[in-house]
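Only one structure is covered here, and it is reproduced in the block below.
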Amino acid sequence: MLSRQASQEAAHTVNAAGRKRNRWWMTVMPLYLFTIFFVALPIVYLFVLSFLTRAQTWGVVNEFTLDNYLKILKPVYLNTFKESFQMAVLTTLGTLFIGYPFGYLMAKLPKKTKSLMMLCVVIPFWTSALMRMYGWIILFRSNGLLDKVLMGIGLTDSPLKLLYSYPAVLVGMVYSLLPFMILSVYSSTDKMDWSLVEAARDLGATRWTAFFTVTIKMTLPGILSGIILVFIPSMGLFFIADILGGGKVMLVGNLIQNQLQSGRDWPFAAALSVVLMVFTSMMIWIYRKATGVKDLEGLL
Amino acid sequence: MSNETILELKNITKSFGDTQVLKGISLSIRQGEFITLLGASGCGKTTTLRIIAGLETPDNGNVYLNGTDVTTLQPNERNVNTVFQNYALFPHMNVFSNIAYGLKLKKVPKQEMTHRVEEMLELVQLAGYGTRMPSELSGGQRQRVAIARAVVNNPQVLLLDEPLGALDLQLRRQMQIELKRIQKRLQITFIYITHDQEEALNMSDRIAVMNQGTFEQIGTPNEVYYHPRTSYAARFVGTANLIPGRISRIEGQTAFVDVSCSAAGPAVQLPACITGRQASLVRPGQAVTVSVKSENIRLQKEPGSGLRLAVIEKNFAGGMLRISLDGGTLGELSASRQGIDAAFEAGEMVTADWEPEHGVLVDLEGTDSQSRGPAAAGREQDA
């Protein structure tokens, strides 16, 4: 009798706990559903698609093949990857050299000026990225604004022909990804405990030594998250190379877009995407292993 | 402690925006001295320390280190080290690298560096902790590392900014003793900042009581405690009763002060001593303030020649019995006794007075930084 009562009670508590868990499930369910439908399933679909065969006219045939991946090994495509990687590295370095001092100094501004600067960094996001790229065309084109100014002050005597060149694409990439670097560096500099720098100075470090031995180390998480935030998109961005490169600069992003739209080779585009994804994931992994930084300003 | 001046501040002023934080302070500190800047938060003591360290530049005035003007030198160009309030240990370096930081910058040979760091670890009783990271240490241990990191550089002056503020009471007491031991052993001049009067009285050779950007008084713990020069110093160091009155007559070293506890009531004559320099500053009829430490207030039940006051309450804490008295227009007065028993109950009337030497006339002169130069302060100290 007693034991039955006890077991009933036990069943009761289990039930209560179960109900509690149910309710907990309900709150996180939307998150899981969203992730499954808009992240996981598309990736699975992409993965499956990359092993299928292209149909003669339109769409795909359900026939397993590895040809799509073997095709990537062709020199012409490998070269695109190499060039994209090079562009991504240069873009990342460019944003780092401009963005680090920018973000660092912004964090040291007085509060009022700080929010004004922050606004200036964020405002470009309010307009279309495409429009901002057309802005660069006006600057870069032959006899455009830049040429006129340079020739006007006598630095050059003929148009530079900057538009539709590699440097133009690089400038566009750096320009559009710079805010990510600035904001990452800013957020880690803003959190910085400046008494550490004072301690270093007090112990005999010059401004520069203190910067290199303490400040850089303390803002490393911001630098790394900035690098990741810039590097990954710069591998895949295609419209900048399209608009400012005029078809002369071919990046992986452009390749995928071409295969998808004009080439209509969905499986190959999928294979390229999978390889790009694996490649960037590997880069991040190597980076984290090499630097040992765990906290990336909330990233990863 | 020698008589050689190691550090001298001359008429230092400093403002942040519209607030003047330091109003022309002067101070001279001797080699090997343990001097404490004592004051409430916002009195300018941290700013003073930062100016000595070179982390802040004064608007006016000069800092002399060992006779050389270092006012405009960078922090790394002066042989002064600081123990910061929040320790400011480098979180990305282990204990050894933290302590070795200064030596590395001075390019001390590796073997000597290791030797000196290990010696320091031993001195602060952290031998074997070299490979730990700051995050793996307790508050007290971090404090020791911060001290070692500063002391290892053999500074001419060590600045300590409320180094024990974040520690609990027991640890603080223990660290007080240890700091004093380290200071004695290394013979380094310590400039110590605190708002804790007990800490200041326990450890210092001299105390500089600071208030609103000036020194109220600079003197030995004894002087500051028993002969406060200003009412601020009297109230800040020890519990003092400040009793206003008017001098009725002067007999040798004793001034008799008329004190009354109600506007219309009769005045009672109570004594105060006149110390050397004050003789020329007092005359009969003058309004003065007498400071009497609570433990020096004498109480008796029978009516006598003192103030007749009512006991408000008794309160026992820390081995002392505190008796609050209703002082009428004088405000609340407090007396304290050793032990728990006192023959008075709340509501009872008692007579309060004190020995002539326990009544101290305060606020007769300006504060230390206004009235006297640092040299004078030093001379008085030696006498």
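The values are calculated or read from the model by the stated rules, or taken from the named source; none is laboratory data. Worth saying up front: this structure is predicted, and the values here are computed from it rather than measured. Glycine also receives a Cβ, built like all others from the backbone with ideal geometry; neighbour counts cover every protein chain displayed. Side chains included, ligands, DNA and RNA excluded: accessible areas come from the protein's heavy atoms. Shrake-Rupley method; radii C 1.70, N 1.55, O 1.52, S 1.80 Å.
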Which residue out of A:Ser184, A:Ser188 is part of a helix (DSSP H, G or I), of a type outside the set (D, E, K, R), within 14 Å of chain B (Cβ to nearest Cβ) and within 21 Å of the chain's Cα centre (by Cα)? A:Ser188
For the range B:80-104, how many residues meet the condition of being among the β-branched types (Val, Ile, Thr) and more than 9 Å from every other protein chain (Cβ to nearest Cβ)? 3
Could you please give the count of residues in the range B:308-337 that are outside any strand (DSSP E or B) and in contact (Cβ under 8 Å) with a residue 60 or more places away in the chain? 4
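Applying the selection to the range B:76-95, what residues are open to solvent by less than 50 Å² (accessible area, probe 1.4 Å) and either in a helix (DSSP H, G or I) or touching a Pro at 6+ places or on another chain (Cβ under 6 Å) (or both)? Show your work before the answer.
Initial filter on the range B:76-95 (open to solvent by less than 50 Å² (accessible area, probe 1.4 Å)): B:76, B:78, B:80-84, B:87-90, B:93-95.
Those that are open to solvent by less than 50 Å² (accessible area, probe 1.4 Å) and either in a helix (DSSP H, G or I) or touching a Pro at 6+ places or on another chain (Cβ under 6 Å) (or both): B:Asn76, B:Val80, B:Asn81, B:Val83, B:Leu89, B:Val95.
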Quick one: B:Thr72 ticks every box in (1) away from chain A (no Cβ under 14 Å); (2) surrounded by 18 or more Cβ atoms within 10 Å (Cβ to Cβ); (3) out of contact with any Leu (no Cβ under 7 Å at 6 or more places or on another chain); (4) modelled with pLDDT under 95 bar one, so which box is it? (2)
Has the range A:175-187 got at least one residue that is over 30 Å from B:Val152 (Cβ atoms), surrounded by fewer than 22 Cβ atoms within 10 Å (Cβ to Cβ) and hydroxyl-bearing (Ser, Thr, Tyr)? yes
Selection within the range B:105-119 - more than 14 Å from every other protein chain (Cβ to nearest Cβ) and assigned to a loop (DSSP other than H, G, I, E, B): B:Pro109
Residue tally, condition open to solvent by less than 10 Å² (accessible area, probe 1.4 Å) and farther than 22 Å from A:Phe97 by Cα, over the range A:204-243: 1
From the options B:Gly102, B:Gly32, residue that is assigned to a helix (DSSP H, G or I) and either of a type outside the set (Ser, Thr, Tyr) or open to solvent by less than 10 Å² (accessible area, probe 1.4 Å) (or both): B:Gly102
Report yes if B:Lys23 is surrounded by fewer than 19 Cβ atoms within 10 Å (Cβ to Cβ) and among the basic types (Lys, Arg), otherwise no. yes
If you go through the range A:38-80 one residue at a time, how many are under 14 Å from A:Val275 (Cα atoms), of a type in the set (Val, Ile, Thr) and in a loop (DSSP other than H, G, I, E, B)? 0
Quick check on the range A:102-124. Is at least one of its residues in contact with a helix residue (DSSP H, G or I) (Cβ under 7 Å, 6 or more places away or on another chain), modelled with pLDDT under 85, part of a helix (DSSP H, G or I) and assigned by TED's automatic domain parsing to the domain that holds A:Gly246? yes
Tally of residues being touching a residue at least 40 places away in the same chain (Cβ under 8 Å) and either touching a Gly at 6+ places or on another chain (Cβ under 7 Å) or open to solvent by 10 Å² or more (accessible area, probe 1.4 Å) (or both) across the range B:200-213: 9
Residue list for the range B:35-59, restricted to those being within 14 Å of another protein chain (Cβ to nearest Cβ), open to solvent by 40 Å² or more (accessible area, probe 1.4 Å) and within 16 Å of the chain's Cα centre (by Cα): B:Thr46
Of residues in the range A:260-284 being in a helix (DSSP H, G or I) and at pLDDT below 85, the one most open to solvent (accessible area, probe 1.4 Å): A:Met283
If you go through the range A:168-191 one residue at a time, do you hit one that is farther than 22 Å from A:Gly247 by Cα and without any contact (Cβ under 8 Å) to a residue 12 or more places away in the chain? yes
Report, by residue number, each residue of the range A:140-164 that is in a loop (DSSP other than H, G, I, E, B), surrounded by 12 or more Cβ atoms within 10 Å (Cβ to Cβ) and hydrophobic (A, V, I, L, M, F, W, C). A:Leu160, A:Leu162, A:Leu163
Output the number of the condition that B:Val124 fails; it satisfies all remaining conditions of (1) more than 14 Å from every other protein chain (Cβ to nearest Cβ); (2) open to solvent by 20 Å² or more (accessible area, probe 1.4 Å). (2)
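Only one of B:Leu270, B:Leu242 is under 21 Å from B:Arg308 (Cα atoms), under 28 Å from the mean Cα position of the chain (by Cα), touching a residue at least 24 places away in the same chain (Cβ under 8 Å) and not in a loop (DSSP other than H, G, I, E, B). Can you tell me which? Give the derivation first.
On the way: B:Leu270 fails: under 28 Å from the mean Cα position of the chain (by Cα).
Testing whether each residue is under 21 Å from B:Arg308 (Cα atoms), under 28 Å from the mean Cα position of the chain (by Cα), touching a residue at least 24 places away in the same chain (Cβ under 8 Å) and not in a loop (DSSP other than H, G, I, E, B) leaves just B:Leu242.
Return yes when B:Leu55 is touching a residue at least 12 places away in the same chain (Cβ under 8 Å), under 23 Å from B:Glu216 (Cβ atoms) and either outside any strand (DSSP E or B) or among the aliphatic types (A, V, I, L, M) (or both) and no when it is not. Let's see the steps before the verdict.
Numbers: touching a residue at least 12 places away in the same chain (Cβ under 8 Å): yes; under 23 Å from B:Glu216 (Cβ atoms): no; either outside any strand (DSSP E or B) or among the aliphatic types (A, V, I, L, M) (or both): yes.
Here the answer is no, as B:Leu55 does not meet what is asked.
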Failed condition for A:Val275, given (1) away from chain B (no Cβ under 14 Å); (2) within 16 Å of the chain's Cα centre (by Cα): (2)
Take B:Ala150 and decide whether it is surrounded by fewer than 21 Cβ atoms within 10 Å (Cβ to Cβ) and of a type in the set (A, V, I, L, M). no
